[in-house]
Amino acid sequence: MKTPIAEITARIRDRSRPLREGYLNRLRTLAARPRSADRMGCANVAHAFAALPGSDKLRVVAERAPNLGIVTAYNDMLSAHQPYENWPALIRDEARRQGATAQVAGGVPAMCDGVTQGLPGMELSLFSRDSIAMATAVGLTHDVFDGALLLGVCDKIVPGLLIGALHFGHLPCVFVPAGPMSSGLSNSAKAKVREQYAQGLVGRAELLAAESAAYHGAGTCTFYGTANSNQMLLEAMGLHVPGAAFVHPHDGLREALTREAVRALLAIRRGGARFTPIGELVDERCIVNAMVALLATGGSTNHLIHWVAVARAAGIVIDWTDFSDLSAQVPLLARVYPNGKADVNQFQAAGGPGFVIRELLAAGCLHGDVLTVAEGGLAAYGRLPRQADDGRLQWQDLPAEPIDADIVRGAAAPFSPSGGLKLLAGNLGRAVMKVSAVPEDRHVVEAPARVFDSQAALQQAFERGELEYDFVAVVRFQGPRANGMPELHKLTPPLAVLQDRGWRVALVTDGRMSGASGKVPAAIHVSPEVLGGGPLGKVRSGDLLRVDAVAGTLDALVPPEDWAARATAERPAELAEDAAHGLGRELFGGMRRNVRSAEEGAVTWL
């Protein structure tokens, strides 16, 4: 293990000790109870299993067979989740083959950020994570399960399922992915059409044709955004069947991996070969492994929020300094769009998560001595699954050298010696920047501020031709307390166009950009947010700002005495009114009032 990574892990362990010990004591007390059908009242048991076929009732009650809970994020709106429609039947069939039973414990909401980008629904997106966690808890709180299979892939769904499961840390859990859609129009070609549309060079028909060619079937979107970063992190945490992340939904291997997930869960239940509750598995080493995998692949900036919340659910405290310090030690081993030209299918063909995990283990960047849902520990996740002629699953070693060095590299010859994320701090607050896709000559931008109170205002200024100069766009009132911290993807095309025209531009915001953070330098998640009194609210148009990803600074170059004397801007009343009403936003008012900062995971349940 690299000494600095071991030291960061020890720092997290020491910081978290009181919370973690309390968490473990609670889960161990729950794990020690008699099985559910023995300790519950007869009416409770009868209700729990009333709808089971008679043979399953006999199996679970009289024969004391394991009963597995399924928490599913199935819906037809998310292409990534549509394949889950028939999986409960598949899982029940495999459970019966193994002498067990399985029930759908509950469904969780799962919204598609691609549908709601730039629309009011996006303001519910971040908070949907905690709603999913609560829905997971509602399903599992029937308390009749010996383990849980968690069916989810996309942005807030996996963190929400994981947070919910960790509040049932006494249960063994296995995540069951669905896989990416087949490759369509390339991500770079799609981005080009978006930029052309922003300039008025193509119309809506051409844009819709391009988008439809990119997003065209069942499975996860093929760029390396939050959804696919989720899958990479789950592999590095040992919560999948090894190598399950990026197999297409309709590949025959997918069904074999799903059936294997049932067998893996039965092996780690209490009374199985290796009792492994999820709360014991997800320790500080496991969390560090997830952080390292994110950094080594240039994954989504959303996880600097989500994995803080995930860690906290397990009694572990991490912050952005931990991410930054790890980034200095972790090599960048993958280039997948938006950090390169390849999509996730090409990443998988080049070795995918297995290649990256194997290289990181060999370089001492991952903790290999962790619990996983698979036998063989984390080393098992450095191999590739395949289906033998007789249908059985096998895992094979990957080639020693990269299959495609434009997509993945070995740790000895990485794309960069450090990871793809950078912490910025200064008199504007603390922020993060995804630097892996930003040209090196744009890592430092010093220019006058142009202040906007919404992404729509910036788009309108672009359309009026008012932004043909060097500037730093400050888009404020976009944090969790203000409006739920929506992703600001609509800013990417106009800012990219301006950068391509030769202007030095950057973005500073207390909002999110997620896995679509691209070639324009963007200091995002600025904390504290403006509505929480953050200093970003002091910026005035014309102030000279410096966004410096080399030095890690984020400053307004204003005389200190003038800066100290400035008041924080008030949010326009019409913006406050709009954020509070319409399309269900009223229901999330309590979350907006109670939410913690982005660096604290934007949690609403503490």
* So which residues in region 532-547 are modelled with pLDDT of 95 or more and open to solvent by 10 Å² or more (accessible area, probe 1.4 Å)? -> P535, K538, R540, S541, G542, D543, L544, R546
* Structure fact -> Those residues of region 371-388 which are assigned to a loop (DSSP other than H, G, I, E, B) and either surrounded by fewer than 19 Cβ atoms within 10 Å (Cβ to Cβ) or at pLDDT below 95 (or both) amount to E375, G376, A388
* Scope region 495-538; condition charged (D, E, K, R) and in a strand (DSSP E or B); matching residues -> R512
* List pairs: first in region 571-592 and closer than 19 Å to G537 by Cα and touching a residue at least 24 places away in the same chain (Cβ under 8 Å), second small (G, A, S) and part of a helix (DSSP H, G or I), Cβ under 7 Å, 6+ apart or cross-chain? -> R571/A482; A579/A482
* Is it true that some residue in region 110-126 is touching a helix residue (DSSP H, G or I) at 6+ places or on another chain (Cβ under 7 Å), modelled with pLDDT of 95 or more and open to solvent by 20 Å² or more (accessible area, probe 1.4 Å)? -> no
* Those residues of region 575-597 which are within 18 Å of G511 (Cβ to Cβ), of a type outside the set (A, V, I, L, M) and part of a helix (DSSP H, G or I), in sequence order -> D578, R585, F588, R592
* Subset of region 66-86 (residues that are within 30 Å of G41 (Cβ to Cβ) and open to solvent by less than 10 Å² (accessible area, probe 1.4 Å)) -> N67, L68, G69, I70, V71
* Structure fact -> Filtering region 274-288 for residues that are over 14 Å from the mean Cα position of the chain (by Cα) and in a helix (DSSP H, G or I) leaves a count of 8
* Among (1) open to solvent by 10 Å² or more (accessible area, probe 1.4 Å); (2) touching a residue at least 40 places away in the same chain (Cβ under 8 Å); (3) not aliphatic (A, V, I, L, M), where does G203 come up short? -> (2)
* Scan region 206-221 and give yes if some residue there is open to solvent by 40 Å² or more (accessible area, probe 1.4 Å), of a type outside the set (V, I, T) and within 18 Å of the chain's Cα centre (by Cα), otherwise no. => yes
* **Criterion (of a type in the set (A, V, I, L, M), without any contact (Cβ under 8 Å) to a residue 40 or more places away in the chain and within 18 Å of A148 (Cβ to Cβ)) met by exactly one of V71, V61, V104** => V104
* To do: State which residue pairs qualify: first residue in contact (Cβ under 8 Å) with a residue 60 or more places away in the chain and inside region 491-516, second residue outside any helix (DSSP H, G or I) and of a type in the set (K, R) in any location, beta carbons under 7 Å apart, and separation of 6 or more residues or different chains.
  => A496/K519; D510/R476
* Asked: P559 passes all but one of (1) modelled with pLDDT of 95 or more; (2) open to solvent by 80 Å² or more (accessible area, probe 1.4 Å); (3) more than 20 Å from L304 (Cα to Cα); which number fails?
  -> (2)
* To do: For residues that are open to solvent by less than 10 Å² (accessible area, probe 1.4 Å) and either in a loop (DSSP other than H, G, I, E, B) or among the aromatic types (F, W, Y) (or both), tally how many sit in region 223-241.
  => 6
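The values are calculated or read from the model by the stated rules, or taken from the named source; none is laboratory data. None of these values were measured; they are calculated from a predicted model. For neighbour counting, all protein chains shown are included, and Cβ atoms are generated from backbone atoms with ideal geometry for every residue, glycine included. Accessible surface areas use protein heavy atoms only, side chains included; no ligands, DNA or RNA. Shrake-Rupley method; radii C 1.70, N 1.55, O 1.52, S 1.80 Å.
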